[in-house]
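The values are calculated or read from the model by the stated rules, or taken from the named source; none is laboratory data. Everything numeric in this text was worked out from a predicted model, so none of it was measured. A quick note on method: Cβ atoms are made from the backbone with ideal geometry, for glycine too, and the neighbour counts reach across all protein chains shown. The accessibility values were calculated without ligands, DNA or RNA, using every heavy atom of the protein model including side chains. Shrake-Rupley method; radii C 1.70, N 1.55, O 1.52, S 1.80 Å.
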Amino acid sequence: MAECGASGGGSSGDSLDKSITLPPDEIFRNLENAKRFAIDIGGSLTKLAYYSTVQHKVAKVRSFDYPGKDTEQDHEPPYEISVQEEITARLHFIKFENTYIEACLDFIKDHLVNTETKVIQATGGGAYKFKDLIEEKLQLKVDKEDVMTCLIKGCNFVLKNIPHEAFMYQKDSNPEFRFQTNHPNIFPYLLVNIGSGVSIVKVETEDRFEWIGGSSIGGGTFWGLGALLTKTKKFDELLHLASRGQHANVDMLVQDIYGGAHQTLGLSGNLIASSFGKSATADREFSKEDMAKSLLHMISNDIGQLACLYAKLHSLDRVYFGGFFIRGHPVTMRTITYSINFFSKGEVQALFLRHEGYLGAIGAFLKGAEQDNPNQYSWGENYAGSSGLMSTSPELCPTQRARSGTFDLLEMDRLERPLVNLPLLLDPSSYVPDTVDLTDDALARKYWLTCFEEALDGVVKRAVASQPESMDAAERAEKFRQKYWSKLQTLRHQPFAYGTLTVRSLLDTREHCLNEFNFPDPYSKVKQKENGLALKCFQNVTRSLDSLGWEERQLALVKGLLAGNVFDWGAKAVSDVLESESQFGFEEAKRKLQERPWLVDSYNEWLQRLKGPPHKCALIFADNSGIDIILGVFPFVRELLFRGTEVILACNSGPALNDVTYSESLIVAEHIAAMDPIIHSALREERLLLVQTGSSSPCLDLSRLDQGLAVLVQERGADLVVIEGMGRAVHTNYHAALCCESLKLAVIKNAWLAERLGGRLFSVIFKYEVPAE
């Protein structure tokens with residue numbers, strides 16, 4: 001959140017510089033590459049949207065071009081790494097007070113270089129008021145869009161692309177937000193937009209929606225009547241008064257009418273029987289605070305009852321609230337939530353949106369970009385460039401509740417492939433990837449935030465070391481440190497800033513910040529070296545396995561998988577060993593493993609299953625490069641292939657820590673195929689298929705996977721899913737229910753987590769699950 005000074009917007013970029021704490025180029029980021037604009041101007045806030053192309057560095061791997069190179073005999077690496085420039089697409093959304101609109105337009109005009117468009121899509125009432133100013137400043141023609149169409153398009157977009165977009169508000173919880181996992185099918189739903197009045201819209205598909213009702217009693221009514229009653233002209237001040245008021249001093253309650261007899265009627269004595277009822281008979285003055293609170297309850301209850309009636313009439317249980325009346329204010333969310341719960345008897349949920357203020361701007365942008373078909377892509381929130389949700393508690397953070405003088409930012413990165421659910425999820429609508437909700441678990445939150453803070457020096461050191469030829473690597477790494485540290489401090493005070501806080505979101509935020517400062521793959525050289533060393537050992541490992549009897553070999557294969565999984569540079573207990581003991585290898589890792597019985601031990605059931613018919617097709621999610629994939633996963637894959645099981649091996653699309661990427665797995669498989677006839681023939685006959693997951697995270701969200709992977713899983717009839725690694729099988733998916741057999745295995749490389757699970761460092765999770773008939 002960029003805070004502005006008290007002065008209003010001037011008429012030049014210089015005045016903007018003076019009024020904003022953050023430099024303007026950190027607010028209007030990458031403006032020189034902006035291609036298309038949209039704007040949504042309300043009564044007090046402007047929301048600007050633009051699309052830009054982002055040039056950033058990526059680490060590419062490829063096999064050496066020249067033939068006859070025998071990497072098994074010399075000390076050369078198995079492939080070469082080159083850092084290349086890549087262009088991706090990004091959406092930017094900026095929210096600021098109308099006071100700053102002229103200064104902001106001046107800054108944009110001064111920094112536009114090569115915009116492709118001559119039109120700016122505009123929506124909101126202010127689109128008319130500021131039309132001439134926008135056209136004069138930007139030399140772009142204003143094309144006005146329908147407000148409701150833009151709202152719906154924006155709502156659909158955030159619900160599809162931001163997993164923790166919707167939340168319930170719970171007054172007495174800490175924190176007060178309860179985020180909802182998005183249903184795979186977001187339709188149908190009810191959108192209740194509370195502006196000056198109330199509009200109620202039923203949304204059935206991407207392009208089909210219907211205005212089904214509304215009311216003239218809305219936010220404008222609260223503002224207008226509130227101003228008459230309290231002489232307070234500002235909307236936010238009126239809400240602040242309401243937050244300190246006692247409505248029972250003004251309202252007539254059920255107990256005021258019936259006394260103790262209200263219990264025989266089955267009614268609560270605290271129910272409002274008549275809004276402002278006491279003011280007709282009481283011979284005294286009422287405080288501004290009490291009148292504001294009574295007015296807020298009156299209007300909120302009316303809106304809540306209307307929303308419930310329409311939801312029941314159209315058999316809808318998802319109701320999203322938006323509009324300037326909401327705007328993240330706790331008192332409005334609290335009263336709306338109470339009203340909906342009361343009138344629906346808990347059957348309908350009042351849901352609010354993290355990015356509710358951006359819906360119009362997003363929708364206007366999408367309308368203008370229809371020829372590019374932005375909906376064919378999936379998009380992901382870029383945590384490095386987004387402000388996050390503010391605290392809604394005026395008591396907790398009064399300076400942040402002051403809406404004047406703040407710039408709020410949201411950035412969305414275009415993902416190269418559409419993301420969909422894994423077809424093997426038992427119930428996609430109830431799937432929650434993360435095992436522990438750090439928003440709820442204060443003890444775990446404190447531990448993990450401290451853990452990531454303490455690991456920061458090591459990440460900075462690794463980032464600098466990964467680019468020895470770069471003159472500014474140390475400077476960029478320091479900027480990364482400052483940005484990620486700042487994000488961690490925000491999450492200490494506002495754990496809900498980016499939705500549900502989890503270990504996964506902490507890891508992903510770190511990756512986003514590294515990419516922000518052009519450290520695309522800090523572990524690329526480490527992975528290259530470890531892949532080269534492990535390839536040299538592959539044949540010895542497989543010869544040793546082949547010499548064992550069948551039953552002994554199955555246990556050795558599993559122990560190899562587990563030992564390989566020890567090699568995780570993301571775990572401090574392991575990275576300390578790897579940095580201090582250069583000879584630490586596969587056999588040493590096996591000796592680190594917990595002896596059986598393991599912490600979670602379904603191995604006997606797994607062995608029994610292997611004595612039955614082979615699986616048709618196994619989907620395996622791989623974890624780390626080097627020993628993990630080459631000496632752990634590939635021998636396990638080889639055994640499955642030998643049994644007659646087809647294998648889909650899924651690896652990350654992009655880098656994260658020392659996790660193996662899809663492009664690295666192709667080269668590793670090529671080298672292994674040259675040494676091993678089973679792998680060679682399986683690749684040639686397409687019984688072994690290497691695919692990308694669509695993810696660049698050390699964890700795994702089975703509801704956002706590459707569409708090509710999902711199609712392949714269905715085509716091949718996968719009936720076994722293997723998930724390995726602490727990030728993919730413990731931090732995420734430990735409780736994931738699948739409609740086929742699954743194997744989740746990991747070595748616990750964090751002492752605190754191991755103790756919490758009832759074990760100790762290097763305890764083993766081996767969880768074989770069969771779905772209920």
Legend entry - Elements of type helices (runs of 4 or more DSSP H) contained in the stretch 617-706, each with 1 or more residues being over 21 Å from the mean Cα position of the chain (by Cα) and aromatic (Phe, Trp, Tyr): 634-643, 662-675
Inset, instruction - Give me the pairs, please: first residue somewhere in the stretch 216-245 and at negative phi, second residue anywhere and open to solvent by 30 Å² or more (accessible area, probe 1.4 Å) and aromatic (Phe, Trp, Tyr), beta-carbon distance under 7 Å, and either six or more positions apart or on two chains. - result: GLY219/PHE324; PHE235/TRP223; LEU238/TRP223
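It is to be established whether one or more residues within the stretch 34-44 are open to solvent by 30 Å² or more (accessible area, probe 1.4 Å), modelled with pLDDT of 85 or more and outside any strand (DSSP E or B).
no
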Legend entry - In the stretch 610-635, the residues that are among the small types (Gly, Ala, Ser) and free of Cβ contacts under 8 Å to residues at least 12 places away in the same chain: GLY612
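For VAL158, state whether it is open to solvent by less than 20 Å² (accessible area, probe 1.4 Å), β-branched (Val, Ile, Thr) and within 30 Å of ALA282 (Cβ to Cβ).
No: the conditions fail for VAL158.
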Inset, instruction - Only helices (runs of 4 or more DSSP H) wholly contained in the stretch 126-218 count here; list those with 2 or more residues that are among the acidic types (Asp, Glu). - result: 131-138
Legend entry - Qualifying residue in the stretch 234-255 (condition: open to solvent by less than 60 Å² (accessible area, probe 1.4 Å), among the acidic types (Asp, Glu), under 23 Å from ASN341 (Cβ atoms) and assigned to a loop (DSSP other than H, G, I, E, B)): yes
Legend entry - Exclusive hit being part of a loop (DSSP other than H, G, I, E, B) and surrounded by 22 or more Cβ atoms within 10 Å (Cβ to Cβ), set THR509, THR500: THR500
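When you scan the stretch 89-114, how many residues do you find that are assigned to a helix (DSSP H, G or I), among the β-branched types (Val, Ile, Thr) and open to solvent by less than 20 Å² (accessible area, probe 1.4 Å)?
2
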Inset, instruction - State which residue is most open to solvent (accessible area, probe 1.4 Å) when the search covers only the stretch 597-609 and only residues that are more than 35 Å from the chain's Cα centre (by Cα) and either touching a residue at least 12 places away in the same chain (Cβ under 8 Å) or on the phi > 0 side of the Ramachandran plot (or both). - result: GLU605
Inset, instruction - Output yes when any residue across the stretch 691-706 is in the same structural domain as CYS537 (by the TED database), open to solvent by 20 Å² or more (accessible area, probe 1.4 Å) and over 23 Å from ARG504 (Cα atoms), and no when none is. - result: no
Inset, instruction - Filter the stretch 567-611 down to residues that are of a type in the set (A, V, I, L, M, F, W, C), modelled with pLDDT of 90 or more and part of a loop (DSSP other than H, G, I, E, B) and give me whichever is nearest to ASP623 (Cα to Cα). - result: LEU593
Inset, instruction - May I ask you to list the residues in the stretch 298-309 that are under 19 Å from PHE235 (Cα atoms), surrounded by 23 or more Cβ atoms within 10 Å (Cβ to Cβ) and of a type outside the set (Ser, Thr, Tyr)? - result: ILE299, ILE303
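Is it the case that the stretch 461-484 has a residue that's over 22 Å from LYS60 (Cβ atoms) and hydroxyl-bearing (Ser, Thr, Tyr)?
Yes - at least one qualifying residue is present in the stretch 461-484.
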Inset, instruction - Report whether or not ALA729 is out of contact with any strand residue (DSSP E or B) (no Cβ under 7 Å at 6 or more places or on another chain), open to solvent by less than 20 Å² (accessible area, probe 1.4 Å) and without any contact (Cβ under 8 Å) to a residue 40 or more places away in the chain. - result: no
Inset, instruction - Would you please list the contacts, defined by Cβ atoms under 6 Å and residues six or more apart or on different chains, that run from a residue in the stretch 328-353 that is of a type in the set (Ser, Thr, Tyr) to a residue that is part of a helix (DSSP H, G or I) and open to solvent by 10 Å² or more (accessible area, probe 1.4 Å)? - result: THR335/HIS297; SER339/ASN301
Inset, instruction - Could you please give the count of residues in the stretch 736-768 that are under 23 Å from ASP576 (Cα atoms) and among the small types (Gly, Ala, Ser)? - result: 5
Inset, instruction - Determine whether the stretch 324-335 contains at least one residue that is more than 27 Å from GLU237 (Cα to Cα) and not in a helix (DSSP H, G or I). - result: no
Legend entry - Output for the stretch 434-460, where each listed residue is within 21 Å of the chain's Cα centre (by Cα) and open to solvent by less than 10 Å² (accessible area, probe 1.4 Å): LEU438, THR439, ALA444, LEU449
Inset, instruction - Output the number of the condition that GLY214 fails; it satisfies all remaining conditions of (1) in the same structural domain as LYS345 (by the TED database); (2) out of contact with any strand residue (DSSP E or B) (no Cβ under 7 Å at 6 or more places or on another chain); (3) not basic (Lys, Arg). - result: (2)
Inset, instruction - Answer with yes or no whether PHE365 is aromatic (Phe, Trp, Tyr), open to solvent by less than 50 Å² (accessible area, probe 1.4 Å) and touching a Ser or Thr at 6+ places or on another chain (Cβ under 7 Å). - result: no
Inset, instruction - For SER315, state whether it is crowded, with 22+ Cβ neighbours inside 10 Å, at pLDDT 90 or above and not assigned by the TED database to the domain that holds LYS35. - result: no
